[in-house]
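The values are calculated or read from the model by the stated rules, or taken from the named source; none is laboratory data. What you see is a predicted model; the values in this text were computed from it and never measured. Note: ideal-geometry Cβ built from the backbone for every residue, glycine included; neighbour counts use all protein chains shown. Keep in mind that these areas ignore ligands, DNA and RNA; they rest on the heavy atoms of the full protein, side chains included. Shrake-Rupley method; radii C 1.70, N 1.55, O 1.52, S 1.80 Å.
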Amino acid sequence: MLISVHIPKTAGTSFKDILQSQFGPRLYLDYADRPLAPNYRWRMLRRHWQRDDRDTGASACDCIHGHFVADKYDFLGASARHVTWLRDPVQRVASHYHYWQRTPDLRNPDCRLLLERRRSLEEFAALPRMRNVSAGFFGSKRPRDFFFIGLVEDLPTSLLRFSRLTGIPVSAIDKSN
């Protein structure tokens, strides 16, 4: 089982295309959690009280990819291999800033604040939820707990390393370009 933690603005959408090419219907996309939203912790706690994550159907797939904290699928056991992509934090927050200006997420109060108050990039970067975003998606996991961590700045080399480690053919990777 491959667990792909998509940290926003780290080539995760392109990587999703690679995973879809490889896994097809055995890929479970999980974008419902929205860990950057201000009420994330409360929503996750409330959801835990209401039901168990095991009923999502994710355990019937070979790969899970999306915006969630890495700990979410720990119930799948030791056979789960976590992967993620990292990007220079300054480049990541700048990309996020410009993305929300082009494609607003009006459900997110940080995005609304950015647009309504015309926040500068520096002001946006100083928002509490924009600091240490990657670390927040890691949850209680450390980098060494991940099977693979790719670097956006070294995408071609990282993709080749991912291919060697997972056996996903380079032809599947080439389709994303």
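I'd like to compare 91-101, 126-136, 65-75: which one has the highest average count of other Cβ atoms within 10 Å, and what's the full order after that? Intermediate values should be presented prior to the final figure.
On the way: 91-101: 17.6, 126-136: 14.1, 65-75: 19.4.
My ranking of the peptides, most packed first, is 65-75, 91-101, 126-136.
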Global geometry of the stretch 70-177, whether rounded, prolate or oblate, following the gyration tensor of its Cα atoms and the 1.5 cut on a/c: prolate
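Tell me, what % of the accessible area of the stretch 104-145 is carbon and sulfur with a 1.4 angstrom probe?
Looking at the stretch 104-145 in its full context, I get 48 percent from C and S.
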Per residue solvent-accessible surface (Å²) - the stretch 69-166, probe of 1.4 Å: 58
Amide H neighbours of TRP85 at under 5 Å, excluding residues fewer than 5 places away on the same chain, with H built from the backbone geometry, are ILE7, GLY150
